[in-house]
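Inspection log for the structure reproduced underneath, given as structure tokens.
The values are calculated or read from the model by the stated rules, or taken from the named source; none is laboratory data. Everything numeric in this text was worked out from a predicted model, so none of it was measured. We place every Cβ from the backbone using ideal geometry, glycine too, and count neighbours over all the protein chains shown. These area figures cover heavy atoms from the full protein model, side chains too; ligands, DNA and RNA do not enter into them. Shrake-Rupley method; radii C 1.70, N 1.55, O 1.52, S 1.80 Å.
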Amino acid sequence: AVALPAAAYMLLDHEVHAAEFERTFIAIKPDGVQRGLIAEIISRFERKGYKLVAIKVVIPSKEFAQKHYHDLKERPFFNGLCDFLSSGPVVAMVWEGEGVIKYGRKLIGATDPQKSEPGTIRGDLAVVVGRNIIHGSDGPETAKDEIDLWFQPEELVTYTSNAETWIYG
Ligand code: ADP
């Protein structure tokens, strides 16, 4: 067998680890963008230790918003919600890390900012449910579907961050 330097084993170990990381779809809605909260929101995911693997600014069409929120089409607020999501720029992102789908939702806080805990994004930065500034996938299937809807595969970047050694041990 070829003897690899210790650092090479660490890298291989890491690539295996990185391949197991899950990904979630996070979007800063038009209210968050217009209120100048892009950096604030990104920094909360970044400081936690999650890795940004895709990002773009888009104004979704109403039809696209309807696709994104298709699960809610029977709800009375569906039309207004889709009008709102398509009313201006959205920052669409994919974040990666251990447990990022579920913990990302914790960082975001409850749907209704009146019920979100202080310390969460919605708890700290939003007041009403119709203007709750951020979207995050609510489970593994929706994460996959939403990433596929918003991004082409080549827009997702796979890379190893040197910080991972310090985040995951
Ligand atoms: P979440 O975004 O927390 O996953 P839902 O999937 O239930 O929540 O709802 C999607 C979005 O629809 C919410 O983030 C919010 O912007 C909007 N919404 C939910 N409930 C209401 C409501 N009662 N009135 C207006 N808008 C709502």
Gain in span if fully extended, Phe78 to Ser61, counting 0.36 nm per residue against the direct Cα distance
4.7 nm
Rounded percent of accessible protein surface that carbon and sulfur make up, the stretch 113-161, 1.4 Å probe:
53
Computed on Cα atoms, the radius of gyration and Dmax of the stretch 82-169 in angstrom are 14.9, 45
Where does the chain land at 222 nm, in deg cm²/dmol rounded to the nearest 500, when only DSSP H runs of n ≥ 4 count, each adding -39500 (n - 2.57), divided by all residues?
-12500 deg cm²/dmol
I need the calculated FRET efficiency for the pair Lys115 and Leu149, taking r as the beta carbon distance and R₀ as 30 Å, to the nearest 0.05.
0.60
Per residue convex hull volume, Cα only, the chain, in Å³ is 119
The stretch 47-95, accessible surface, carbon-and-sulfur percent (1.4 angstrom probe)
56
On a 1.4 Å probe surface of the protein chains, which of Lys48, Lys29 comes out largest in accessible area, and what is the full order?
Lys48, Lys29
Could I have the simple spin-label model distance between Asp138 and Lys48, label points 7 Å from Cα toward Cβ, reported in nm to one decimal?
1.7
For helix 140-150, what angle does its Cα long axis make with the longest principal axis of the chain, in degrees from 0 to 90 and rounded to 10?
80
In what sequence, highest mean first, do 100-111, 71-82 appear when ranked by Cβ atoms within 10 angstrom?
100-111, 71-82
Using alpha carbons only, how many degrees (0 to 90, rounded to 10) separate the axis of helix 38-48 from the longest principal axis of the chain?
40
Of the cross-linked pairs Lys48/Lys102; Lys51/Lys115; Lys51/Lys73; Lys48/Lys73, which ones have a Cα-Cα span greater than 25 Å in the structure shown?
Lys51/Lys115; Lys51/Lys73; Lys48/Lys73
Please work out the average accessible area per residue across the chain, using the 1.4 Å probe convention, and give it in Å².
57
